[in-house]
1. So between Ala149 and Phe174, what do we pick up on full extension, going 0.36 nm a residue minus the alpha carbon distance?
2. What is the sum of charges around Arg85, taking Lys and Arg as +1, Asp and Glu as -1, for the other residues whose C-beta is under 11 Å from the C-beta of Arg85?
3. May I ask you to compute the full-extension gain from Ala29 to Leu108, defined as 0.36 nm times their residue separation minus their alpha-carbon distance, rounded to one decimal in nm?
4. How charged is the neighbourhood of Glu71? Take every other residue with its Cβ under 10 Å from the Cβ of Glu71, and add Lys/Arg as +1 and Asp/Glu as -1.
5. Under 15 Å from the Cβ of Gly169, count the other residues' Cβ atoms, weight Lys and Arg +1, Asp and Glu -1, and hand me the total.
6. Using Cα pairs under 8 angstrom and six or more residues apart, how large is the relative contact order of the stretch 3-174, in percent?
7. Express in nm, to one decimal, how much length is gained between Arg85 and Val161 on full extension, taking 0.36 nm for each residue of separation and deducting their alpha carbon distance.
8. What is the distance, in nm, between label points placed 7 Å from the Cα along the Cα-to-Cβ direction at Ala56 and at Tyr72?
Amino acid sequence: MALSTWASTASAHDLGVMLDAGVPDGANASLVYRPWKFLRLSAGGGTNLIAPGVRAGVSLILPGGLSGSAEYGHYFEGDANGIWRSISGHPDADVPSLHKVGYDYANLHAGFEFGPSWMNFYIHAGMSHITGQVHDLGATLTKASSGDATVTFMSDPTVSVWSVSARLGLIVYFAL
């Protein structure tokens, strides 16, 4: 494919819908806009099974199906005790720090995309920077201690982590 053809304006299929699932992204649905064949913009929302969230991103599509993406997302606070009960097998578990779990994340991914021009499957992997506050940590630690200890924090601590991340997705483009 000639570079001029690859970089030309996408005329027939420049708007679409993207569905994907990954970590820490959760499951998302986004609208995508492809002003040129090598550039894709996306914005949408989803869930991490705790609370709803939003995400926006930009992707560079290179010849040969290679792609690179940068995204920013935010998950609103929600109660994660239900997930903890399922994972731990303790139906009555209640962890104070899990009552309000929310976080921001930024992804830097590289990956592969394949399919016809109107539909793409993709797999992306890379790194994510995740930041959030841990609410009621003192109550959680006090509850977990076996003695009469009391743990107090003057403010909720902020946790910031770099993590490996990955995502699988599908994009379907349509003409207006």
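1. This chain segment gains 2.9 nm when fully extended.
2. Result for the neighbourhood of Arg85: -3.
3. Here the answer is 26.6 nm.
4. With Lys, Arg at +1 and Asp, Glu at -1, the neighbours total +1.
5. So the environment of Gly169 carries a net charge of 0.
6. Relative contact order comes out at 21 percent.
7. Length gained between Arg85 and Val161: 25.0 nm.
8. With each label placed 7 Å out from Cα toward Cβ, I get 0.7 nm.
Read the figures in this text as sums done on the coordinates, not as results from a lab. Computed from a predicted structure; not experimentally measured. As a convention, Cβ positions derive from the backbone with ideal geometry for all residues, glycine included, and neighbour counts pool all protein chains shown.
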